[in-house]
Each structure stands twice: as structure tokens, then as C-alpha cells.
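See structure below.
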């Protein structure tokens, strides 16, 4: 038969397992109830990490993308799963963060003794696994419509985490998040319809060879990008993020900020770098970079002024998302694009995911111990929660971009790309953003480290939970040693950037 696949690679079944295992975990957790859901989730996330390592090892060994064609039908009639270095990195980061979050969340989402089933634990653990499955589809899907399905799955798994406590405030935040996400989905879907009408396929690899810079394709790219930016909460489409992330439980905030917004961001990368590289212009790349710069300045300035710790960390996410979009003017639409910009951008993704998840969990422990998270009343709290404050400090160092954290290497690579492409203004943005980040991070640390008697604790925080948060903060720190890796995993299996061979 002429359409039978001949593109599948050995080991491609790993990609199916990476999606199927967490999906089966969702069904198992739902069937067995909240009393068993936590153990199922931790086991599934651990298995997901093993699969991510296997995928990364196979991509490195082959030096080419790992491919599996569903139903043995070749695109455009069939659907392909593909894993290059970008996907492998994101799978590893996702499973690492989820594993630490799952360990942290056991205390908050345990089924009370004597209760057969409980709503909040069941929702949390099943949605955690659903997010893992949806993110893996985002990373591995080879066509734009499957990515749309993944976006919807991710949205409907993430929104319930915002409103777990059932309060009116969090329900409003969840509803605002849902409305922004659905609007973004409609824009994205409209763009895919235009592309399918123009080219008869939504397969990313096929589109890359067929797409041309005509009016329909340009409008489609603009619609899809706008929808994805709304889901990623890039300024000025960030209005849903602070109340949603600050109001959710600490473990849920860690997942939402560290991972969920990365799903739509990753699809922007696929769209601009892989599907439509011939369509994206330097002006468009500069515009999206300008939005990133505005996010850095606005988010950091508002974070400095926040009276609550979790709200400060939420606005910090608005700022840190801006750094991710500096990748585009440095790697897209240039006559001589910088591959180091993509590596730096992806290292920034990994650094932000680990550091921000650890920072939200540290803020949650502060709230659990003190009964509040008012920044003005955190004086001397380092004496009560020394490990938590140490984790917050390491996370802050990663966000600022100080050595040896992964954030330092990421920002160094972006700075190098900015200077190599004679775009010095992005270097200024990166430096100014680091200084603004230092203002709110060191402002909090200065209060917590003050040599005065700390406020009396109102709740117990176990050393085990503090150790989990510190462990993830250490991961964010040691990411800086990725610069010494013999192979740049991000670049393995990558097509030429903007049509320029490397």
C-alpha cells in the first residue's frame, strides 16, 4: 500500500508508552480511589522518568529524532509521534519536577484516616497524571491538530487544580483561566483550519517543506501564536495567571507555574522553528521579543511591590516567562541564526521549571508554618525554617542568573547570542531583568535572615517536606553544569534554523 509508513524508527514504541502509561495511571487512580491515588501517581511519574531517560538515550545514540507512526499509516493520512532533542529535554524536566511535587504533596493531599474517599486528593492526583499525559502529547505530537487536542487536555487538567479548595476567590480565578485558555484554543484552531485549507496537511514535517509566506499562512501563524501566547500568559495576556497561581495550593501552583505554561510555549517553538520557518519574519521575531522584554520589566516591578509571598512568586512567573520569548529574535528569521540561542532558551525553560516549582513549594511551607505569607511579617523566619529559606535562596539565585545555577548558563548563552547577532538591546534587557529579580528575591531573604526572634509557628512543617523542596532547588542549581556535557541534547535531531543549515 502506498501510504504504509516507512518513517518509523527502532524504539519508537517508547513514545507511545510515554503517553499511555500516565493515561492508564489516571484510570487506575480514579478506579481505585483517593486512598491509593498518591502511590499510583508517584509510581507512574517514576516510570515516566525512566521512559524519558530511555527516549533521551535513544535520541542521543541515533543522532536523529525518534519516530513512531500510529496505525502504520504515513502522514498526511496518519499521525506521527516524533521526539528530537527538544522533546527529550522537556520530558526529562517534566518528570523530574512532577516527582518532587508528588513527594511534597503527599501531606497536603492524603486521604484522612477513617474516610473511604476524598474529593480533593482524588482530583489532585488524577489531574497530576493527566497533566503528565497531556504534556507528553505536546512534546511528541507531530501534527498541529494533535497539538490542539493536547492543549485542550492540558487546560481541562490544569483548571481544576486552581479551585481545589472550592472558595469563591479561587473559583473566579479558575473561571478566568478557563476563559483565557478557551479563547486561546479557538484562535489556535482557526489558524490550523487555514493551514489545512491551504496545504492539505497539518503534519509539522510536511508543512515545513510546503509552507510559503502568503497572506493565508501569515494570518494562520498570527492567530495560532496569539492563542498560544494567551495560554502561556505572556504580557499583556497575563491577567489570568497571578490570581490562579497565587490562589492554588502550593503543590498545584508549582505544577501550573513550572510546567503547564511550558506546554503552550513549546508549541510556539514548534510552530515558529519547525512548522513555519519560512513564514516568520525578523519583524515578527522582534515584536514577540519586545513582548518578552515588557513582561520582564512589568512582572518584576509588580513582584517587588507585592505584600504576599505567593503573589510575589506568581508575578515573578510573569516576568520569567518573558525571558523565554527572547529566544525568538535571537534564533528566528535571521540570515545567520544562533543555535546557542535555542540551547540557552531551553536551559532557561528547565531552570525556571525547577526553580519556580521549588519557590512555590517553599512559599507553601512558610504559609503552613506561620498561617500567613505576608512579606512584611517574615522577619527572622530563617530560624524557624532554615531549610525552606535555603531552598528559596537557591531558587532565587537560579532565577536571577547567578553562578553556578542553570539560570546563569542560560542567560549567558542568550547574552552571547544577542552579541553574536548584533542585537545588544536584548543583552540590556537580560541584565536589567536580573537586577530587578535580585530586588525582590534579596528583599525577601533580607527579612528572613534578620537576627531577631522569629514569629511563633502556628503549624508543623516536617524536615522531610523541607528536604524535598531543597532537593528540587539543588536540581535547579546543578543544571548549570549542563554546560560541561559532551553533547548538546537540545540540538540533536534538530532541523536547520530558519532554513539555514548548521
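The values are calculated or read from the model by the stated rules, or taken from the named source; none is laboratory data. If you're wondering where the values come from, they're calculated on a predicted model, not measured in any experiment. No Cβ is skipped: glycine too gets one built from the backbone with ideal geometry, and neighbour counts run over all protein chains shown.
Listed values, structure above:
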{"read-out": "Search result, residues across region 375-402 that are within 13 Å of residue 445 (Cα to Cα) and outside any helix (DSSP H, G or I)", "value": "378, 379, 380, 385"}
{"read-out": "Unique match (being more than 15 Å from residue 230 (Cβ to Cβ) and not assigned by TED's automatic domain parsing to the domain that holds residue 123) among 178, 164", "value": "164"}
{"read-out": "Filter result (loosely packed, with under 14 Cβ neighbours inside 10 Å and touching a residue at least 40 places away in the same chain (Cβ under 8 Å)) within region 444-459", "value": "451, 452, 453, 458, 459"}
{"read-out": "Test for residue 435: is it within 25 Å of the chain's Cα centre (by Cα), free of Cβ contacts under 8 Å to residues at least 40 places away in the same chain and not in a helix (DSSP H, G or I)", "value": "no"}
{"read-out": "Failed condition for residue 274, given (1) assigned to a helix (DSSP H, G or I); (2) without any contact (Cβ under 8 Å) to a residue 60 or more places away in the chain; (3) surrounded by fewer than 24 Cβ atoms within 10 Å (Cβ to Cβ)", "value": "(2)"}
{"read-out": "Filter pass, residue 214 being over 12 Å from the mean Cα position of the chain (by Cα) and free of Cβ contacts under 8 Å to residues at least 40 places away in the same chain", "value": "yes"}
{"read-out": "Given (1) in a helix (DSSP H, G or I); (2) over 19 Å from the mean Cα position of the chain (by Cα); (3) in contact (Cβ under 8 Å) with a residue 12 or more places away in the chain, index of the condition residue 175 fails", "value": "(3)"}
{"read-out": "Residues of region 68-119 satisfying the condition of being modelled with pLDDT of 85 or more and more than 24 Å from residue 54 (Cβ to Cβ)", "value": "104, 105, 106, 107, 108, 109"}
{"read-out": "Sole residue being touching a helix residue (DSSP H, G or I) at 6+ places or on another chain (Cβ under 7 Å) and under 19 Å from residue 246 (Cβ atoms), chosen from 163, 168, 130", "value": "163"}
{"read-out": "Count of residues meeting criterion [within 25 Å of residue 106 (Cβ to Cβ) and either crowded, with 16+ Cβ neighbours inside 10 Å or at pLDDT 95 or above (or both)] in region 36-65", "value": "16"}
